[in-house]
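Read the structure below first, then the notes.
Taken together, the values in this text are just the output of simple stated rules run on the coordinates, not laboratory data. Please read these numbers as outputs of a predicted model, since none were measured by experiment. All Cβ positions, glycine included, derive from the backbone under ideal geometry; neighbour counts span all protein chains shown.
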Amino acid sequence: MIIIKIIGINVLLILFFRILKQYHTVERMGEWCAGIMGLLGLPKQTAFLWVAANILGLISGAALLVDAKRQRILDDVDLAKLNVSLSTCHALLQETANFTAIGAGVWILIFPRIVLAMVSVWIFNIITERFQ
């Protein structure tokens, strides 16, 4: 029964993301989140990619990162910062929904990951500034 719940959650999330993307809601969500990107140590232009990767995870997020690299939407340093954040804190919606289905607490799944991602990016920022 748990496996059926998890499959259902993932299918619904994929459909949800496609609907959001069709109506350009993901882009608007990125615009809304642009203000908090600075707090996370990320540039504002990474907001859309950060939101998309946190809705669906690294597979879809990775495809978006590759496109951003090809289209030169972000420079290499900004992509590296985003990668540091997403490697620590990705699929917040998807993984939280999956683990909640088996009884895990929502806040213990979200809060530590966001804090760790924020700290990781700020450490990355300090290191890259120091050695440039």
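Points worth noting:
- Residues Ile55, Ile7 arranged by fewest to most Cβ contacts within 10 Å: Ile7, Ile55
- 10 Å Cβ shell holding at most 11 others, DSSP loop, chymotrypsin sites (Phe, Trp or Tyr not before Pro): longest site-free stretch of the chain: 24-130
- Under the combined filter of DSSP loop state and at most 16 neighbouring Cβ atoms within 10 Å, the range 3-86 retains these trypsin sites (Lys or Arg not before Pro): Arg72.
- Among Leu74, Leu12, Leu82, the residue with the largest mean-square fluctuation in a Gaussian network model of the chain, with springs joining Cα atoms closer than 10 Å, is Leu12.
- Taking the longest Cα principal axis of the chain as reference, the axis of helix 58-70 is set at about 30 degrees.
- When the C-alpha to C-alpha distance is required to be over 25 Å, the pairs from Lys44/Lys69; Lys5/Lys69; Lys21/Lys44 that qualify are Lys5/Lys69.
- Separation of alpha-carbon centers, the range 1-40 and the range 62-78, rounded to whole Å: 19
- Within the chain, the ratio Rg/Rh, alpha carbon atoms throughout and Rh by Kirkwood, equals 0.99.
- Label positions at Tyr23 and Asp76, each projected 7 Å from the Cα along the C-beta direction, are separated by 4.1 nm.
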